[in-house]
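Structure record follows, encoded as structure tokens.
The values are calculated or read from the model by the stated rules, or taken from the named source; none is laboratory data. Since this is a predicted model, take the numbers as computed values, not measurements. Every residue, glycine as well, gets a Cβ built from its backbone with ideal geometry; the counts of neighbours run over all protein chains shown. For the accessible areas, the whole protein counts, side chains as well, though only heavy atoms, and no ligand, DNA or RNA atoms are used. Shrake-Rupley method; radii C 1.70, N 1.55, O 1.52, S 1.80 Å.
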Amino acid sequence: MVGVSASPHPVPETTTQQPRRRQAPFVDRVQAGHQLARNLSEYAGRDDVVIVSVSRGGAVVGSIVASTLGPHTPHMYYKVQAIPCPRMPRLSLGSVAGDGSIRIDTMVAESMNISSTDPHLLRQVSIINKRLQRDHRAFLRLPPTPREMDDRVVIVVDDVVEAGDTMREAVMHLRH
């Protein structure tokens, strides 16, 4: 059996899949932060901009972006973590944010027959919340308050975006 490829050479049959090696587009997070800051240069010097990092690695990128956009550009840390589904851990039931807010995806919960009072769900939320609080203390940064976000241009930063779930969840938490 031969696979289909855009290459003029046939793809040989293989019995095991080799993992794809991803080439990072940046040497490190510092370089990524400088490139992102260049891409966001239209926001430089503005006093209505706030940078919000949503992961540890994103904090490095966000710090570079904030300092490059201006000496008074606030940089905040707002960690968000998915709540894994009990029978399908790669499926997210929702998320917990560093400020203790919880978001449950009702469609996923209903389809998995999980209620908001499910002991497993409550235990997972408690574990995640404790971990997020510990992370915020380690960074010596409190999560941003809604008042700090009012009438601001909020730029949400992470170091890696694959499916976009963390970024989407962070934005949903920050909006509410």
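Quick notes on this structure:
- Accessible area (Å², 1.4 Å probe, nearest 10) - Leu121: 10
- Positive minus negative residues near Arg103 (Lys, Arg vs Asp, Glu; Cβ under 12 Å): -2
- Volume per residue for region 60-165 equals 124 cubic angstrom (convex hull of Cα atoms).
- By a 1.4 Å probe calculation restricted to protein chains, Thr166 has an accessible surface near 60 Å², given to the nearest 10.
- For region 66-176, accessible area per residue (1.4 Å probe, heavy atoms of protein chains only), Å²: 62
- Inter-centroid distance (Cα atoms) of region 42-81 relative to region 146-176, Å: 11
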